[in-house]
Structures are given as C-alpha cells and as structure tokens.
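Worksheet: the structure to be examined is printed underneath.
Only the coordinates and a few stated rules stand behind these numbers; no lab work does. This structure is a prediction, so every number in the text was calculated from the model and none was measured. In this analysis, Cβ positions are derived from the backbone assuming ideal geometry, glycine residues included, and neighbour counts consider all displayed protein chains.
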Amino acid sequence: MDPQTHYNTVNIPKKERFGFWHEAVCDSYVRLDCTTGADRRNFHGCIDIDRYSMLSISNVQGSAHTVNRRNTDIRQETDSCFLISLQLTHTAVLSQFDQQTILRPGDMALYSSTAPYELSLSDNFHQIVIQLPKKCLLDRLPTAELMAARLIDGQSGIGKLVRENIIAFSDYANESTPSLQTLIQNTLIDLVATGLASSQEFRTIELSSPEQHVLLRAKSFIRDNLHDHELDRTKVATHTGLSVRRLNAIFAKEDVSLSSYIRQTRLDAIALELRDPRFAQLSISEIAIKHGTQNLQHFSTCFRNRFDCTPRAYRVQIAAQEQKPGTAA
C-alpha cells in the first residue's frame, strides 16, 4: 500500500463515479458499504491520505452520502483500528454502540473498526480522519472504546489543542528521520488520548451493559499481560470473576473466541513492533518472545495465517515501502 495516495472522482466517467468512490473509501480506511440518496452521476469526492509507520492521516471531502460498517465487513478483516474524524466544514452524524453524535465544524469523534457503525456526511463536507491500530491508543487509555461516537469539543480547552495539532500534523509527519517521525506520531496519539480523557462525555459516561464492562476489563487485562507466556483463557476468566464458559460466550457475541482474541492481540502487537523503526535492531524471535511466544514455529504459522505472509516477509515488505524514493520515511 502506497504511503501517499490521492483519489478524486473529477476525471472518472459519471456513471462510474460512486462505484469508484466506494472502492476508494474501502482502500483508504476499512471495508464498508456506501449509499447516497443523491444522483450518483453527479457525485464528487476526493481523498488525500498519508500513511506512516503508526497511523494514517487523510483529508476527505465530497457530496452527501452514508457509510455503514457491517458485521459482514468486520468478519472479512483481521486488523483492528480506531478512527477519529475531525469535522472541518458542514456536519456529519456518527452512530455506534447505540450512541449518536452530531459533528459540527471543529468537533471530533472516535469510532472502532471492530463494531458496526454508521457515518452520515452532509453535502460538501470536509473532514480530517486519523486511523491507528487500537493498541496504540488503548495502551494510553484502556477505556477508550467507551468513548466511541461521543462528542469531543474542539472549540475550547484541551480539545482545541488536539484539533489544532491534528490540522498541523501533516506539516511535520513527513520528517525524513524515522525516529523523529515516530516521536511526532507518538505525540499526536498522546494528545488524542488526553483529549478523550479530558472530555466531559468521558467523565460522565456510563457503561451500556455489564457485558460491555466485562469485555473492556478482559481486553485490557489481555493487552497488559501479553508478555506472560502462560496467559490463557483461564487466567483472563479468573481476572474478570467469570467462568471460562461464560466469558467465552460474551466474546462469541463479537464473533471471536476468547482464545482466538488472545492469539490475535498477541500477533497484532508483534506486527506493530515489526513495523516500528524503533525496534529494527531486535530480531523477529526477540520481539515474539517479548510478547509471550514460546513456540516460534507455531507463531510463524499463526502469523502467516493472519497476515498472509511470514513475519520476515512482513518486515521486509514494510521496510521496502518506507525506503521508496520520494515517499514518507
């Protein structure tokens, strides 16, 4: 996937424009469905996206339409990420976890790729969208998912600081030194976490159900204990105070078993460090062992099943992309 990509419907034949847009949105973000009540032949839209080692940031604008992330889309993808939309012009309506928020210019909202959501965009909208692996934000704010589809006011206080830095980020993220670029990305993620934690919505939030609370506790425990090679579903169940059977039934509502979630989270954490230039001096085995892996041959098989390539090929592919002339480091 190219570090810098530009999509624009302006030169696309009118009858193909909305189909082109649908594919562009899926390529840029996550698999989803696009619908519009307007004339598809007169639809217009453009996306300018820059992908970095830890996150991507994009400018997107266009005609009115709605995107829907469905359970069928979620089952077809392995990566889990958060997206943050910053509204620059006009309005958008975001719905997820039975929560609905209207975004006006300057407002922001977080949403998760691992649960269905709907984003309705008004005509001639303009947004900045940040996409990052869930672990990057959850390491800083374990309860971040509770903030899905809740308003972050970008007009005052820390929210204004976050908004201004998101807008300015693209001016500095292309820094050619990989270590400095990584520090800049980390700073932005720190600011996003701070903006979420400082939100009035976050301070008054209530869990929608006991099961959601259990899921958050279990997932947080798993992420915090990936280094433990003995981490298994029994340990997680004990931490949450439920039986393995009961906890597994709760995870099954997200179409994943508890054991599979532990394995996937561990693989995602390893893949994240294989992409991070700060860990370039560590061998693949060292990174895998650091995250609780004991059987390296089994790890390699699981990694290939999840990412369609070996860990070594994955690392080489990422390094090759970042070394292309004229691209972001």
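With Cα Rg over 2.2 N^0.38 Å in mind, check (i) 1.11; (ii) 0.94; (iii) 1.00 and report the label derived from this structure. Of the labelled values, this structure produces (iii). Summed over qualifying helices (DSSP H, 4 residues or more, each -39500 (n - 2.57)) and divided by its residue number, the chain shows a 222 nm mean residue ellipticity of -13000 deg cm²/dmol. Take the Cα of SER122, step 7 Å toward its Cβ, do the same at HIS239, and the gap between the two points is 4.3 nm.
Local charge sum around ILE270 (other residues, Cβ-Cβ under 12 Å, Lys/Arg +1, Asp/Glu -1)? Don't skip to the end; give the middle numbers.
Working: positive: LYS135, ARG263, ARG266, ARG275, LYS290, ARG306, ARG315; negative: ASP268, GLU273, ASP276, GLU286.
In short, +3.
First select every other residue whose beta carbon is under 13 angstrom from the beta carbon of PRO105; then total the charges, Lys and Arg +1, Asp and Glu -1. Taking every Cβ under 13 Å from that of PRO105, the sum is +1. Pick out which of SER283, SER300, SER56 has the largest mean-square fluctuation in a Gaussian network model of the chain, springs linking Cα atoms closer than 10 Å. Top of the fluctuation ranking is SER283.
FRET efficiency for the ASP232 to THR91 pair, using the beta carbon distance and R₀ = 41 Å, is estimated at 0.30. Under 5 Å from the amide H of LEU103 lie the amide H atoms of ALA92, VAL93, LEU94, each residue being 5 or more positions distant or on a separate chain, with H modelled from the backbone and absent for Pro and chain starts. Taking 0.36 nm per residue of sequence separation and removing the Cα-Cα distance, the SER179/HIS213 pair yields an extension gain of 8.6 nm.
With 18 Å as the limit, the listed pairs LYS135/LYS219; LYS219/LYS253; LYS135/LYS160 have LYS135/LYS160 beyond it between alpha carbons.
Applying 1/(1 + (r/R0)^6) with r as the Cβ-Cβ distance of ASP224 and ALA252 and R0 = 25 angstrom yields a FRET efficiency of 0.65. The mean sequence separation of alpha-carbon pairs under 8 Å and at least six residues apart, normalised by the residue count of region 4-201, gives a relative contact order of 19 percent.
Would you mind getting me the FRET efficiency between THR143 and ALA280? Use the beta-carbon distance for r and R0 = 45 Å, nearest 0.05. According to the calculation, E is roughly 0.90. Computed about its Cα centre, the charge dipole of the chain is approximately 620 debye, with only Lys, Arg, Asp and Glu carrying charge at their Cβ.
Considering only ARG150, ARG245, ARG140, give the residue with the highest GNM mean-square fluctuation for the chain, with springs between Cα atoms whenever their separation is below 10 Å. Largest GNM mean-square fluctuation: ARG245.
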